[in-house]
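The values are calculated or read from the model by the stated rules, or taken from the named source; none is laboratory data. All of these numbers come straight from a predicted model, not from anything done at the bench. Counting neighbours? That spans all protein chains shown, and the Cβs are built from the backbone with ideal geometry, glycine included.
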Amino acid sequence: MKDENSILYVQTTDSPDKQYSPLVLAQTAKMMDLKPMVYYLGTGLKILKPGEAEKIKLGSFPSVAEMIKKTLDMGIEIYVCEASKQMLGWEKVELIPGVKIVGAGTLNDLALDAGATMWF
């Protein structure tokens, strides 16, 4: 069932300049009493390896690691595509704590149920 107050932000890349938008928007949506969710797909997963997000800090923003931590601390779900882990050959790779590894079908379900979906 569609939840018009939910927004799904899909992160598809590890490009440093594209890391902030979904996290800032998700945090803002939460403060607006909306239900944001973030889904990492493809090479976006590279940011979730321990130590990687700490390396990215642009302008006056906090590091991407701090942004991810704040997002999780706000109660915003961060989903990770299991198939993307396999594509990267990461069956044994641990990701940062707090993210939920889910099947590829979950993205379809989340997109169908969300009031809006944004891709980065």
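Number of residues in the range 91-102 that are modelled with pLDDT of 95 or more and in a loop (DSSP other than H, G, I, E, B): the value is 5. Would it be correct to say that Leu8 is part of a helix (DSSP H, G or I), under 12 Å from the mean Cα position of the chain (by Cα), in contact (Cβ under 8 Å) with a residue 12 or more places away in the chain and surrounded by 14 or more Cβ atoms within 10 Å (Cβ to Cβ)? Here the answer is no, as Leu8 does not meet what is asked.
Listed here are the residues, each with its yes/no results for (1) more than 21 Å from Trp119 (Cβ to Cβ); (2) among the aromatic types (Phe, Trp, Tyr); (3) exposed (fewer than 13 other Cβ atoms within 10 Å of the Cβ); (4) at pLDDT below 95.
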site	(1), (2), (3), (4)
Tyr20	no, yes, no, no
Lys30	no, no, no, no
Leu34	no, no, no, no
Met37	no, no, no, no
Ala53	no, no, no, no
Lys70	yes, no, no, no
Gly75	yes, no, yes, no
Ile78	no, no, no, no
Thr106	no, no, no, no
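If you go through the range 105-120 and keep only what is part of a helix (DSSP H, G or I) and within 22 Å of Ser15 (Cβ to Cβ), you end up with Leu107, Ala111. Checking Ser6, Ser15, Ser63, Ser21 one by one, the residue that is touching a strand residue (DSSP E or B) at 6+ places or on another chain (Cβ under 7 Å) and of a type in the set (Gly, Ala, Ser) is Ser6 and no other.
Can you report the number of residues in the range 70-90 which are in contact (Cβ under 8 Å) with a residue 24 or more places away in the chain, closer than 13 Å to Leu23 by Cα, out of contact with any Pro (no Cβ under 6 Å at 6 or more places or on another chain) and not in a strand (DSSP E or B)?
Taking the range 70-90 as the starting set, the residues that turn out to be in contact (Cβ under 8 Å) with a residue 24 or more places away in the chain are 70-72, 74-81, 84-85, 87-88, 90.
Add one more test, that the residue is closer than 13 Å to Leu23 by Cα, and what stays is 70-72, 74-79.
Now restrict to residues that are out of contact with any Pro (no Cβ under 6 Å at 6 or more places or on another chain): 70-72, 74-75, 77-79.
If we keep only those that are not in a strand (DSSP E or B) as well, we get 70-72, 74-75.
Going through the range 70-90 one residue at a time, the tally reaches 5.
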